[in-house]
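Asks: Just passing along the structure, written as structure tokens.
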């Protein structure tokens, strides 16, 4: 079974669904001595299988795969309808129709079958923890499991279910918060406090995630008890990332005023660069993946035409320290803390 503590460099590449995570990015992180994660979110099971094969063709390093685990929660569909009506003018302007707001589990069962069949070295889960049966079955075939947690209570549950590793995600992280419940307001406890709180449980190794852009920050978190750090935003503008051109340009735009946490794009709290769309829609209902499906055509069109005022622009709080170039170089720079 793979042990994150055995990494040459204690750096994990965060799974970034929607395009940034690519087989080439995973391979580049592996070449630096870390471990890269493919983002299975929003991809079909067949696409996930194909990407695992691509990584293995590019790299002899360990392969990580991230899966969404979602429980259906009550949703006020009337509020979703009201929100959709507000967005109609946005869709018309971009020449698209809004998507259908609905719940699905992102094809978890089919993707798990791919994992059981192809046996990547590590599988991480976001938005929830699988049941003990799944985690024990994965362990039984030698796959290391990790669960993304945003609080001590979530960590306790994941450990009770049998997770091998905790990825502790702080509020500084870009993109979606990994809260187990969509309606919950994310904790504001800084990563430097959340990591030792989870480490104090004394159950399983901890990986720190959220806003980590420098070796000094990585070193600080390792000193708090983490065995490794997970980075995402730091890799968004690397050569191997699949980040959209609109997103890359916005990350370097001096006129963009920082980041904020918003439900406007998907109905789930997520940290994005501040833009017009996020400012104008602070009242988006807590409904994921309903709002994600509703706005998907709108957001895709905005990315295509370079409309950074409307596109979702995920970024962690440290994004101004972003460095373009080969992912290997970025990972080696951050991982020098070890």
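Asks: Order of 58, 102, 7 from fewest to most other C-beta atoms within 10 Å? Intermediate values should be presented prior to the final figure.
Replies: Details: 58 16, 102 13, 7 21.
The order, fewest Cβ neighbours first, is 102, 58, 7.
Asks: For the chain, what does the relative contact order come out to in percent, with C-alpha contacts under 8 Å and a separation of six or more? Could the numbers behind the result be given before it?
Replies: Numbers: 751 pairs, mean separation 71.1, N = 338.
The normalised contact order for the chain reaches 21 percent.
Asks: Okay, next question. Where does helix 45-58 land angle-wise versus the long Cα axis of the chain, in degrees 0 to 90, nearest 10?
Replies: For 45-58 against the chain, the angle is about 50 degrees.
Asks: Still on this structure, please answer the following. How far is it, in nm, from the label point at residue 309 to the one at residue 86 when both lie 7 Å from their Cα along the line to the Cβ?
Replies: 1.8 nm
Asks: Using alpha carbons only, how many degrees (0 to 90, rounded to 10) separate the axis of helix 152-161 from the longest principal axis of the chain?
Replies: Once rounded, one gets 60 degrees.
Asks: Right, something else. Normalised by the residues of the range 177-249, what does the relative contact order come to in percent, with Cα pairs under 8 Å and at least six apart? Working shown, then result.
Replies: Details: 63 pairs, mean separation 18.3, N = 73.
Taking the mean separation of contacting Cα pairs over the length of the range 177-249, I get 25 percent.
Asks: Please rank 103, 314, fewest neighbouring Cβ atoms within 10 Å first, as an exposure proxy. Intermediate results must be reported in sequence, preceding the final value.
Replies: Values: 103 13, 314 26.
Listed from fewest to most nearby Cβ atoms, that is 103, 314.
Asks: If every alpha-carbon in the range 105-196 counts as one equal scatterer, what log10 I(q)/I(0) does Debye give at q = 0.16, 0.24 1/Å?
Replies: These q points yield log10 I(q)/I(0) values of -0.66, -1.23.
Asks: Right, something else. Using only the alpha carbons of the chain, what is the convex hull's orientation-averaged projected area in square nanometres?
Replies: 15.1 nm²
Asks: Using every alpha carbon pair in the range 118-252, what percent of pairs falls into each 10 Å bin from 0 up to the bin containing the largest distance?
Replies: 12, 39, 34, 13, 1
Asks: So, one more: Using only DSSP helix segments of four residues or longer, with each worth -39500 (n - 2.57), what per-residue ellipticity at 222 nm results for the chain after dividing by its residue count and rounding to 500? Mind dumping the intermediate values first?
Replies: On the way: 12 runs with 126 residues, N = 338.
Calculated at 222 nm, the ellipticity per residue is -11000 deg cm²/dmol.
Asks: While we're on this one: If you consider only alpha-carbon coordinates, what radius of gyration and Dmax does the range 23-175 have, in Å?
Replies: 18.0, 52
Asks: Would you kindly work out the equivalent ellipsoid of the range 39-121 from its C-alpha gyration tensor and give its semi-axes, the square roots of five times the eigenvalues, largest first in whole Å?
Replies: Details: eigenvalues 246, 57, 16 Å².
Equivalent ellipsoid of the range 39-121: 35, 17, 9 Å, largest first.
Asks: Gain in length, residue 197 to residue 46, computed as 0.36 nm per residue apart minus the alpha-carbon separation, to one decimal in nm? Mind showing how you got there, number by number?
Replies: Values: separation 151, 0.36 × 151 = 54.36 nm, distance 3.87 nm.
Extending this stretch completely gives an extra 50.5 nm.
Asks: Compute the angle between helix 290-305 and the longest alpha-carbon principal axis of the chain, please, reported from 0 to 90 degrees and rounded to the nearest 10.
Replies: Helix 290-305 and the main axis of the chain meet at about 80 degrees.
Asks: Another one. Give the calculated FRET efficiency between residue 280 and residue 184 to the nearest 0.05, with a Förster radius of 25 Å applied to their Cβ-Cβ distance.
Replies: Values: r = 24 Å, r/R0 = 0.96.
The pair residue 280/residue 184 has a calculated efficiency of 0.55.
Asks: Let me ask another. Expected output is a single nm value to one decimal: the length gained when fully extending between residue 93 and residue 77, i.e. 0.36 nm times separation in residues minus the C-alpha distance. What is it? All intermediate terms of the calculation are to be shown ahead of the outcome.
Replies: Values: separation 16, 0.36 × 16 = 5.76 nm, distance 2.46 nm.
Result: 3.3 nm gained on full extension.
Every number here is computed from the coordinates shown, using simple stated rules; none is lab data. From a predicted model like this one, the values you see are computed outputs, not experimental measurements. FYI the Cβ positions are ideal-geometry reconstructions off the backbone, even for glycines, and counts take in every protein chain you see.
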